Amino acid sequence: MSESEHYTLTVNGVERKVSDAWIGESLLYVLRERLGLPGSKGACEQGECGSCTVFVDNAAVCSCLVMAATAVGTQIATVEGLNEDGSLTDVQEAFVTEGAVQCGFCTPGLVMAVHHLLDHNDSPNEQEIKEALSGNICRCTGYGRIFAAVDTVISVRKGISS
Amino acid sequence: MTITKTQRDILGSSALRPDGISKVQGDYEFSSDLHAENMLWGATLRSPHPYARIVSIDVSAAWKIAGVECVITADDVPGQLTYGLISEDQPVFANDVVRYMGEPIAAVAADHPETCRRALAAIHVVYEVLAPLTNPEHAIDESHEPIHPDGNIIRRQRIVHGDMHATAPIVVEGTYDIGMQDQAFLGTESALAIPDHDGAGIEVFVATQWLHEDRKQMAKCLGMPEEKVRLVLGGVGGAFGAREDISLQVHTALLAMRTSRPVKMQYGREESFFGHVHRHPAQIWMRHHANTDGRIVKIEARFVFDGGAYSSTSSAVLINGVTHTQGPYQCPNAIVDGYAVRTNNPPCGAMRGFGVVQACFAHEGQMDKLAAATGIDEVEIRLRNIIHTGDTMITGQILESVAPLERCIRETAAMPLPAEMGLQPHELDLPGGSGRTADRRNIVRGIGWGVSMKNLMYSEGFDDYSTARCTLTNGSVELKFATSEVGQGFVTLAPQIARSVLGVDEVTYDTIDTQIGSAGSTSASRQTWMSGGAVDGACRMVRERLFEHVGSLHGIEPLRLAIDDTDIIDTIGTLRISVQEASANFTVSETFEYHHRQTEDLDENGQGNCHVAFAFVAHRAVVDVDVELGLVKVVQIATAQDVGRVLNPMSVTGQIEGGIAQGLGLAVMEEIIVTNGIVRNPSFTDYLLPTALDAPQVLISMIEEPDPQAPMGAKGVGEAPCISVTPAIVAAIRNATGKSIDRCPVRPQDICF
């Protein structure tokens, strides 16, 4: 490709230069293929499955639907930035311990969606949880263990032992 | 936070996935995440027509685009031009005729996915469009010319059993249609091929269900010896049958060999719909003859599976279908005729349930018709007919498997029903969900039943085996196997087996690749039994060697030794020594190949011991239906499943809940819509999948009656959950609406009109 866009994105608090990019590249593509952040996954390329969920200025968005060059000047957060010392967040831990992970392809997007939900609502009811996760498709689990993981996080955050 | 364990992760525990932490952190490497230095991207040109003659292909303009490094067509295939799992009838690239929409014609390699897209657009293909064969009946009645040199009938199989002229006072019949379902794994097809420096071999990282079978087919098409084609499992984002056939494997490898550079291919979602086979759409007619007490006397049936353009596994799907005509019920007399046919529709093959999903939808519809005709309750009519261990099936095969079917049904029936919907329900609890369209006054609740049996492992004389190696060094074990981990959790189970057999805690597994014998496919509910059996066998051989070592050191006959937790003990003496200590400075490695018992082909009358074993399950569905709008919400699924023995409760729960969601999808929303050979909805916008809002409450009972034929007593649990849940949901919709609905998925118009 002879295209040569140059811009800077702020990803997980760090300024990242993007060079010689094609203007049509999605944020998902740039994160995965140019910035070495493959945690966000591409599974539908049209905002239906949520596997590519990232935060742009604290809004949960499908990075496949965002042109990377339009994200200049925003704060982008990806699954890799949730806990950079390598330890697990409470949501990640609950996904592992409650069996919410099978193939794992939807998992990073779901982890981001659950963080987003619980950051904005510390005691969601069943319908609120289901609605908040309904933009993230999981084909393996049938969602049962994912709901169990969310319930565990809510309980732990409230100081109720699970 | 860190995860702390409080118990040993042995068989029976809910051991956690060893890959779980890397998956939640996003650093698990799926095949689509792989990169190599100097890598090119590959892409595939596909036919827009379901049936056409290729007049000419001009690739010259594509070559001229800056960044394009390679363009290949059928002329560039160095080895065999066709491939296939059972019959090698599918071209690597179409060269004279295209037989389905989406058939590959050419492939390119370039520096960027966008360059690839432009190169594909620059390839000029001239087609002479032909009238497609899209009605499977026209394949059978020979009213359409053969669309393939192998003809339009892929396989026909009859079953004739007992008295063909038997009849009985109650006769019910129905014709059932099952739609084309997509596996819709989240991680689309992807591979990275890296040619050897000497140009004589290649290493391919690929998401697949069966590394060795892929390698066999690839080597033939590449014209290379198998040992020069090394496959490594790339992280697999789900499979469900769709990775049993090869897709982009040969194309990626060929581009890499041609360019002498690493090439990565990854399908987008739309291409994925064209890149893999689907669940066969089928039409099944059944007529049941029964006595007034509800007991089945004879079943007549006719199956037509639309295999699409290439045979894939259609012949095996057909056999699964026809041999499960009776379902989990006794049936002394049967006449069955089954066809798997070739059409210009999308190729169909393996999907979770593999032919039994279709048969079950029909036989369970029939059981409800029988209940209605005899005035016997839906549960009672099933209980009166259930099959038992030792009964003869319509193939003449004696059912040898443990068959706790009565428990499955009774335990399901005993589970609590959900509360009635309140007068002012939350809008998200209404059918239609967040669409807020349903009106409480139009909502009717229904309850329905589905019961099924499913064969486990491969059938019809296939010498099915799996290989595993166990190496014990200084108290820790390394396992090696080629078993595809696709999300099901074999990588969790295998270390559990080693810990239980050897009394160790530290167990790792080596890279999953072709550097050991085949494990067979991750399909047919077979890996816990087959690869579990192989790991169990290898660990037992190592244990024998360890006991010999300890016995010689202590002057004890090795037969007296046993594992007790993490110790070796003398069962009639006082010696107790930890496995850790006993294996200090001791290394032993053993490889074991597990084979299941031999099966037979069916004869021309469909008689023969063709299946290895069976698992059983019951489902009860509760639905709410808006009868005005035709919207359905599945409220609850209760299920009791015959699992043999629970080796990991959390994994089994995950398989059951996940399978139920897929069966729910087939019941009320999932269908690839094909009009005259044209696929209308190849996207996640138009092909609807169950979301969190569609997930019903699931009540589960795991029936544990260990099967003596199964290693560790455990039956495969992957397929059973998705089989009878579909007819149970559709029966519940019939129950709510009073409509005779004989197709799935059920569409709003099936309810409203």
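Normalising by the residue count of chain B, find the relative contact order in percent from Cα pairs under 8 Å and 6+ residues apart.
On the way: 1987 pairs, mean separation 120.8, N = 753.
This gives 16 percent for chain B.
Taking amide H positions as placed in the peptide plane 1.01 Å from N, state which residues far from residue B:94 in sequence (5 or more) or on other chains have amide H under 5 Å from it.
For residue B:94, whose amide H was placed from the backbone, the distant partners under 5 Å are B:105.
With only alpha-carbon pairs counted, each pair once and no self-pairs, how large is the Kirkwood hydrodynamic radius of the protein assembly as shown in angstroms? Present the calculation step by step, with values, prior to reporting the outcome.
Details: mean 1/r = 0.0350 Å⁻¹.
Final number for the Kirkwood radius of the protein assembly as shown is 28.6 Å.
All other residues with a Cβ under 14 Å from the Cβ of residue B:607 taken together, and with Lys, Arg as +1 and Asp, Glu as -1, what is their net charge?
-4
Mind checking the angle between helix A:107-120 and chain A's longest principal axis? C-alpha axes, 0 to 90 degrees, to the nearest 10.
70
Separation of segment B:326-398 and segment A:89-120 by C-alpha centroid, Å?
First find each Cα centre; the distance between them is then 40 Å.
In nanometres, what is the gap between the two model label sites at residue B:175 and residue A:6, each 7 Å from Cα along Cα-to-Cβ?
Inter-label distance under the simple model: 6.9 nm.
Evaluate the distance, in nm, between pseudo-label points positioned 7 Å from the Cα of residue B:160 and of residue B:474 along their respective Cα→Cβ axes.
A separation of 6.9 nm, rounded to one decimal place.
Could you pull out every residue, at least 5 positions away or on a different chain, whose amide H is within less than 5 Å of the one on residue A:10? Hs are placed 1.01 Å off N in the peptide plane, and Pro or chain starts have none.
A:16, A:73, A:74, A:76
Hey, what angle do you get for helix A:144-157 against the long axis of chain A, alpha-carbon based, 0 to 90 degrees rounded to 10?
The helix A:144-157 is inclined about 80 degrees to chain A.
If you place +1 on the Cβ of every Lys and Arg and -1 on the Cβ of every Asp and Glu, how big does the dipole about the Cα centre of the protein assembly as shown come out, in debye to the nearest 20? Walk me through the numbers on the way to the answer.
Values: 69 positive and 115 negative charges, 188 e Å.
Here the protein assembly as shown has a charge dipole of around 900 debye.
If a paramagnetic tag sat 7 Å from the Cα of residue A:72 along the Cα-Cβ line, which residues of segment A:17-49 would have the backbone N under 20 Å from that point?
A:17-36
With n ≥ 4 as the cut-off for DSSP H runs, can you work out [θ] at 222 nm for the protein assembly as shown, using -39500 (n - 2.57) per run divided by the number of residues, rounded to the nearest 500?
Result for the protein assembly as shown: -7500 deg cm²/dmol, rounded to the nearest 500.
Listing B:651, A:155, B:22 from the residue with the fewest other Cβ atoms within 10 Å to the one with the most, what is the order?
Details: B:651 24, A:155 13, B:22 16.
Ordered from fewest to most neighbouring Cβ atoms within 10 Å, B:651, A:155, B:22 come out as A:155, B:22, B:651.
What do you get when you divide the Cα radius of gyration of chain B by 2.2 N^0.38 Å, with N the number of residues?
0.98
Taking the highest mean first, how do the peptides B:568-574, B:133-139 order by number of other beta carbon atoms within 10 angstrom per residue?
In descending order of packing, they fall as B:133-139, B:568-574.
So how do B:212, B:288, B:596 line up by other beta-carbon neighbours within 10 Å, fewest first?
Ascending number of Cβ neighbours within 10 Å: B:212, B:596, B:288.
Using the basic label-point model (7 angstrom from Cα toward the beta carbon), what is the residue B:56 to residue B:95 distance in nanometres?
Using points 7 Å along Cα→Cβ, the separation is 1.9 nm.
Per residue of segment B:711-721, what does 6.51 cos²θ - 1.76 cosθ + 1.60 with θ = phi - 60° give for ³J(HN,Hα)? Whole Hz please, x for Gly and Pro, Karplus curve as stated.
Values, residue by residue: x, 6, x, 9, 8, x, 10, x, 8, 3, x Hz.
Give me the net charge of residue B:279's neighbourhood, meaning all other residues with Cβ under 11 Å from the Cβ of residue B:279; Lys, Arg count +1, Asp, Glu -1.
-3
Residues with beta-carbon under 15 Å from that of residue A:91, excluding residue A:91: net charge, scoring Lys, Arg +1 and Asp, Glu -1?
Details: positive: A:145, A:157, A:158, B:23; negative: A:80, A:90, A:93, A:98, A:119, A:122, A:151.
Computed value for this residue: -3.
Which three semi-axes in whole Å describe the equivalent ellipsoid of segment A:12-76, each the square root of 5 times a Cα gyration tensor eigenvalue, listed largest first?
So the three semi-axes of segment A:12-76 are 17, 14, 11 Å.
What FRET efficiency comes out for the pair residue B:421/residue B:678, r = Cβ-Cβ distance, R0 = 45 Å, nearest 0.05?
Result of the calculation: an efficiency of 0.65.
Per residue of A:141-154, what is the mean number of Cβ atoms on other protein chains within 10 angstrom of that residue's Cβ? Provide the component values of the computation, followed by the final result.
Working: counts 8, 21, 11, 12, 5, 3, 3, 3, 1, 1, 0, 0, 0, 0.
Average per residue, whole number: 5.
For segment A:90-157, what percent of Cα pairs sit more than 16 Å apart?
That tail contains 35 percent of the Cα-Cα pairs.
Every read-out reported here was derived from the displayed coordinates using simple, explicitly stated rules and does not represent laboratory data. The structure presented is a predicted model; accordingly, all values stated were derived computationally and were not measured. With ideal geometry, Cβ positions are generated from the backbone for all residues, glycine too; neighbour counts draw on all protein chains shown.
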